[in-house]
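One structure is given below, encoded as structure tokens.
The values are calculated or read from the model by the stated rules, or taken from the named source; none is laboratory data. The structure displayed is predicted, hence computed values, not measured ones. Here the Cβ positions follow ideal geometry from the backbone for every residue, glycine too, while neighbour counts run over all protein chains shown. Ligands, DNA and RNA are excluded from the accessible area calculation, which covers all protein heavy atoms including side chains. Shrake-Rupley method; radii C 1.70, N 1.55, O 1.52, S 1.80 Å.
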Amino acid sequence: MTGAPDVAIRARGLVKRFGDMTAVAGIDLEVARGSVTAVLGPNGAGKTTMVRMLTTLSDPDEGTVSVVGFDVATDANEVRRRIGYAAQDATVDELLTGRENLVMLGELHHLGRRRAKERATVLLEQFSLTEAGDRVAGKYSGGMRRRLDLAATLVATPEVLFLDEPTTGLDPRARNELWEVLDTLVASGATILLTTQYLEEAERLADDILVVDHGRVIAQGSARELKRRIGGEQIRVIVRDRARLDEAVRLVSAAAGAEALVDPDGDAIVVATDGGAAAMAAVGGALADAGVEVDELALRPPTLDEVFLELTGHSAADAAARADAGPGRGPGRGPGEAAA
Amino acid sequence: MSPRRYVGDAWVIARRSLKHIRRQPEMLTDATIQPIMFVLLFAYVFGGAISVPGGGSYREFLLGGIFAQTIVFGCFGIAVGLTADRSTGAIDRFRTLPISRSAVLGGRAIAAVLIGFVPVALMSITGLVVGWRIHSGVLDALGGYALMLGFQFAMIWVGILMGCLLDSPQAVQGVAFTGLFPVTFLASTFVPVNTLPGVLRTFAEWNPVTSLSGALRHQFGNPDVVAGSSDAWSLQHPAVYTLLWAVAIVAITAPLAVRAFGRVAGD
């Protein structure tokens, strides 16, 4: 046993290389029991590689990991007994029904046939899949597959859940449904480590956010702390008459009390603010007083790209593009799947 | 991990493969429809032009070869299944479970053996329909089926190895048609080997598909001209030679397959 009982996941100096590419370049991590940690980063940041090491799927080249007190290198089976892992692509068995998927996993967790069946019924109910439970999973919608996948990770009532990009590829409605399910899990006190490309998702679900890039943690804190670092929300203005753009930039800067910029596409004025709706009203008022017509006036949280730009000096899209160009595919993955 | 638990885990995985077949019976098409087509093609189209030296019914001669080819092609099902499990992430999911890695292979292999009975039974029935008969005793006939089972077990390991080394079902099919397909034809599968020229004849004489076909003909009491027309040791002792091949195939491919699986299922 290593680590205090209140620490669910502890990683020290994790490194993983694929050939001459270093996917994870020395990550330290500590996740308290009952907390939700989000690992936020673009494609190719090393998120999946990191989760695969935490879940015994991949051996680290350097460093140590313990999960609920068991070392993944020496006690892999003890770790596997206590964790649930949902991979990035929902790995439900398409030719089995939802119920059969859950019963099979229950049996492989050695619950016994009867308890596996009971557990499947409970989980189908909990994830609103009772009606679809006896249809083959190949006919499920994207959102249903993710819910089944999530249910599958809970079959053996794990102590720690690992969710790799649980909502990537879902439409907004399915994403909201899944978030509601995850909210319930979080409220029940589960220990969860999830990876995501969406700041909004990390903010909604996680107590603690790790921002990763190039296999390193480049920032850590609550959503509020991270946002404070990069200036909170933004007011975004699009003026109708582009000839008055410069004038509008001056007006917006003065009203918001911060320097406004024209975004790289050249059509929107963006200014960081801590003032919320009042600041937005002030900007709107100043523009109206000067007779500048406005097509759009909005208050929005910073995007992952902006967090990235602030923290690293390059955009998340660039990071992803570089990762795709590199030899970033981990072995053991099927064709066409990028390791993220 | 206790052996009982290991067998239990493997059986859960095997049941999964059997359910796959039930839900998607077309996965068995290669192993069922294709050999039936070959039986009909050779029995009714080409068969008339092929004479079995020394007499005897060509259709009775044909079935031993068809059985052998079906057994050899039995490796594709498991190979395709494994490539699919790798690309859908099923292998990863199994690996986060508290089960032995090899239980996944064991389960697939158990299922492959059980599924392998289907085409053999179907070929037997098709054979009976076109005029094939077993002329030997019950024990000899059972020996024939046991020999098929043994060689099939060996081919399953070849399938596992292919499933770990190749990345897609398409790649498996590519290897099937460029690699194994010709091997099953350069044998006494459809024609007596003494009709083949020089080098090809030698290749066919020592090809285990020939010895398997010959051994099956012998076990079932069907005409097998080869033994009388060739001095090759392989054809004088077809059953022993076939079993030696089966053992050699397992000895070589099983360790390689386990290692390859460790690599694709590893980190």
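Of A:145, A:250, which has the most accessible area and how do the rest follow, probe 1.4 Å?
A:250, A:145
Which helices, taking whole DSSP H runs in chain A, have alpha carbons extending 18 angstrom or more along the helix axis plus mean Kyte-Doolittle at least -1.0?
Both cut-offs are met by A:172-187, A:276-289.
What residues does the range B:84-104 have that are buried by at least 40 Å² of accessible area in the full protein assembly compared to the chain on its own, 1.4 angstrom probe?
B:87, B:92, B:93, B:95, B:96, B:97, B:98
Calculate the spin-label point distance for residue A:59 paired with residue A:130, positioning each point 7 Å from the Cα along the beta-carbon direction, and give it in nanometres.
4.7 nm
Using a probe of 1.4 angstrom, how much of the accessible area of the range A:233-300 is carbon and sulfur, in percent?
Ligands and nucleic acids excluded, carbon and sulfur give 50 percent.
So what is the accessible area of the range B:3-265 per residue, in Å², with the probe set to 1.4 Å?
Accessible area per residue: 42 Å².
Just the accessible area per residue of the range A:1-157, please: how many Å² with a 1.4 Å probe?
On the way: 5920 Å² over 157 residues.
Result: 38 Å² of accessible area for each residue.
For every helix of n ≥ 4 consecutive DSSP H residues, a contribution of -39,500 (n - 2.57) applies; sum these over chain B, divide by its total residues, and give [θ] at 222 nm rounded to the nearest 500 deg cm²/dmol. Please report the intermediate quantities before stating the final value.
On the way: 14 runs with 197 residues, N = 267.
Here the helix-only value at 222 nm equals -24000 deg cm²/dmol.
Which whole-number percent is the relative contact order of the range B:3-265 (Cα, under 8 Å, 6+ apart)?
For the range B:3-265, the relative contact order is 28 percent.
List the lysines whose alpha-carbon lies under 20 Å from that of residue A:16, not counting same-chain residues fewer than 8 positions away?
Filter leaves A:47.
May I ask you to list the aspartates and glutamates whose Cα is less than 12 Å away from that of residue A:227, ignoring any residue fewer than eight positions away on the same chain?
Correct list for residue A:227: A:200, A:203, A:274, A:306, A:310.
Using a 1.4 angstrom probe on heavy atoms only, work out the carbon and sulfur share of the accessible area of chain B in %.
70 percent
Each label point is 7 Å from the Cα along the Cα-to-Cβ direction; what then is the distance between the points at residue A:28 and residue B:236, in nm?
With each label placed 7 Å out from Cα toward Cβ, I get 7.6 nm.
Using a probe radius of 1.4 Å on protein heavy atoms only, what is the accessible area buried between chains B and A, both sides summed, to the nearest 100 Å²?
Protein heavy atoms only, the B-A interface buries about 2900 Å².
For the pair residue B:186/residue A:299, report the inter-label distance in nm, with labels modelled 7 Å from Cα in the Cβ direction.
Label at residue B:186, label at residue A:299, 7.9 nm between them.
Pick out which of B:97, B:28, B:196 has the largest mean-square fluctuation in a Gaussian network model of chain B, springs linking Cα atoms closer than 10 Å.
In the Gaussian network model the winner is B:97.
Which FRET efficiency, nearest 0.05, do residue B:168 and residue A:122 yield, Cβ-Cβ r, R0 35 Å?
Calculated transfer efficiency: 0.40.
In the range B:73-113, which residues have a backbone nitrogen under 19 Å from the label point lying 7 Å from residue A:115's Cα in the Cα-to-Cβ direction?
B:97-100
How large is the charge dipole for the range B:3-265, taken about the Cα centre, if only the Cβ atoms of Lys, Arg (+1) and Asp, Glu (-1) carry charge, to the nearest 20 debye?
Charge dipole of the range B:3-265: 1060 debye, to the nearest 20.
Using Cα positions and a limit of under 26 Å, work out the lysines in reach of residue A:139, with same-chain residues fewer than 8 apart set aside.
A:117, B:19
What percent does the relative contact order of the range A:141-254 come to when contacts are Cα pairs within less than 8 Å and at least six residues apart?
18 percent
In a GNM of chain A with a 10 Å cut-off on Cα contacts, which of A:141, A:35, A:222 has the highest mean-square fluctuation?
A:141
Skipping prolines and chain starts, which residues have an amide H placed within reach, meaning under 5 Å, of the one on residue A:233, given they are 5 or more residues away or on another chain?
Excluding prolines and chain starts, which carry no amide H, the hits are A:273.
What accessible surface, in Å², does a 1.4 Å probe find on residue A:241, ignoring ligands, DNA and RNA and rounding to the nearest 10?
Taking all protein chains as shown, residue A:241 has close to 80 Å².
Measure nothing fancy, just the Cα-based angle from helix B:138-165's long axis to the longest principal axis of chain B, in degrees from 0 to 90, nearest 10.
50 degrees
Show the residues, 5+ positions off or on another chain, whose built amide H is closer than 5 Å to the amide H of residue A:17.
A:23, A:61
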